[in-house]
Each structure stands twice: as C-alpha cells, then as structure tokens.
Amino acid sequence: MPVNLDNETGLLVKNMKRVSHALRMVQANLLLNIASQYTAAGRLFEKDEFTTRDSKLKKESGWFSVLTRDIRYCISAMLILQNNGETETKSFFEMYRKLIHSGFSRSQQTYLAAACLTCSSDSQLQDVPGRADQIYQLLKKRHFVLTQKSDVTLVVLLAQLNENASILVEREEHYFSALQQLGFRKNNALQSLACMFASLFDHYNRQVVEKCASIKDLISDHHIRLRSDCYPIYGLLALCEETHHTVIEVLNLTEKLKKEKLSMFIDKNLYFMTASYLYICALMNEKGTNQKADTGLIVLADHLIRVQEAVTAASLSASAGVIAASSNGGTQ
C-alpha cells in the first residue's frame, strides 16, 4: 500500500525547529524523539503546553529522582499526546510506585514503563506490575546475563497480555532462538525483538521471523550498516505486508530526513528508526489502528535511554582514566 509521507516530513521539520527553540542545551537525539512523537500524532509542538506539563512532572518526581531531564522531556511528550490532563500525571506516578513495589529498580526504564502503561488503552492494568515481575523472573532464568531490572519496558509489553507467564516466556524463547539461527546476534536488542513478537502474536509466527531476517539482509544488500539496536525496528517493519517495498520506502525517507539537515549530531541509526516509526504510524493511521506505532515509540524511547547511559558510562570511564593516569601512570 503506497503511503504519502510528504506531510509527515514537513511537519517533522517544523516540529524539530519548534522543539529546538524551546528546549535549549538538549541532545539532538532527544529533540528528534520529541518532534517525532508530535509528528506521528499529527500535531504541532506547543512550548507553553509542554513546559506546564514538564514542570508538574519535575515537581512530582522530586529533587533526588533518578528521572533525568532528557527522559522526563520524552515522557512529558507521551503524556501530553494522550491528552488526559491531571489524572494521567497522577496515574503515571502511581504506576511507577507499583512497579517499584513489585521489585523493579528505580531507573529510567521503569519510569518509561510506567508511562507506557499509563498511555495504554487497556483499562485493566492493576495486575500488570505483579505479572511483570513474574515474567521477569522467568526471563532471568533463561537469559541470566541479558535480563536486567532495566528491561522492565520489555516485560510490561508481555505483562499486559492476559496469558500464563510461562507460556509467554516460552513463546519469547522460541522467537529468540529462531532469530539467532537466522543470523541475529545474541544481545539485548535481540531479546527486545523476541519480547515484542511474543507480545504481538498469540502463537509462534514463523513467517514474521523470516520476513524480519529478509529485512536485515535487504538493508545489508544496500550497503547500509546499522547497529543491532535496530533489531526491534526490523521487527516492526516485518509486520507490514510488502516487505521489499516497505524497506525501500523507509530507506528513501531516511535519506530524505538526512537531507533536511535536522542536526549534524543525529546518528544514522536514529534517522532510520525515526523514518521507520513515521512510516508505520502513517500506515497504521490509514488502517485505523495504532498498536504497532505505540510499540515503535517504546523502542525509540528505550533506545534513547540506552544511548544516554552509554554516553554517561563512557564519560565516567574517561574521567576515571584521566584520574588514574595523573596519579599513578595508569591508562584508560
């Protein structure tokens, strides 16, 4: 099905300019994330509305919260676009506390998971935190090194399903193993992809696994090298009917976004993720559903958190190296 993305591209450029002017001293990846959310919703970014909501989140989270400014901005946009006002902000923090009480760590991903649950259209969410911890414990047994408390965003995807936890994890493992056999690296991104498929299908779907692998190969055939962070995005694209056409359209949109010169600091992986997200949103809007688009937002936001953590870790490592070198001749 042909999808016209000219309007989305123009709206993204406008939103990127508005967000950049409103939010100073913020990394470009985050600006693109927020602009993408507004664009996917077909809305223009409004500074006053955003500032008001973000101030409330900042006040409620407190001075010593692990919720950083960047991720708070991302969540503020998510809550605004749900358009449910004060009740939603209160529900967000209540859901966060429930996840903490269920055993998850006080982390950026837990805040993101709380936002995803708050924005969910499912009204039966009171049992999700407890079910999420049960699923986490089962995943930990299968992938001890890969599964961490920060994977709560993946776990809540599964926990929202009214299914037995053992069956859900078994299905996730089936996808994980099948994808690994088709050349996907065994890492956190692969586990994210497997959890996503397990949440979207109530049975093992071999066809979508093969389509996902063909997308990975097709992108490689175009001499484009993307990090494994993009695995979940491959999975979202595999949900589209015409795989080859979808990949070509997304790659063309990726190049179009690059030519807009939104920022010289945005990496090619996020450009690809953003193009995929906008394409899927446009496609789902035409079909009258947004489940896959919502999942794409989770992937984008989770990617942003992991990038931020990687940058922080690298900075700490470099600082430690400098201190060691100056004190006893150590190396970085």
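Think of a 1.4 Å ball rolled over the protein heavy atoms: region 1-133 then has 48 Å² of accessible area per residue.
Do any of LYS14/LYS56; LYS141/LYS211; LYS17/LYS258; LYS216/LYS268 go past 19 Å between their Cα atoms, and which? Correct reply: LYS14/LYS56; LYS141/LYS211. Using a probe of 1.4 Å, the accessible surface attributed to ARG185 totals some 150 Å² when neighbouring protein chains are kept in position. Simple rule: put +1 on each Lys or Arg Cβ and -1 on each Asp or Glu Cβ in region 185-234, find the dipole, and look at ILE224, ALA198, VAL209; the Cα lying farthest toward the positive end is ILE224. Accessible surface ranking for LYS56, LYS216, 1.4 angstrom probe, highest first: LYS56, LYS216. A crude spin-label estimate for the pair MET25 and HIS245, with each label 7 Å from Cα along the Cβ direction, gives 4.9 nm. Label zone (PHE64, point 7 Å along Cα-to-C-beta; backbone nitrogen cut-off 13 Å) within region 90-122: none. With 0.36 nm allotted per residue and the present C-alpha distance subtracted, the GLN181-LYS141 stretch has 12.3 nm of extension available. Computed with a 1.4 Å probe over protein heavy atoms only, the accessible area of LYS47 comes to about 110 Å².
The values are calculated or read from the model by the stated rules, or taken from the named source; none is laboratory data. Note that the structure is a prediction, hence the values are computed from the model and not measured. Ideal geometry is used to build each Cβ from the backbone, glycine not excepted, and the neighbour counts take in all protein chains shown. Note: areas computed on protein heavy atoms with side chains; ligands, DNA, RNA excluded. Shrake-Rupley method; radii C 1.70, N 1.55, O 1.52, S 1.80 Å.
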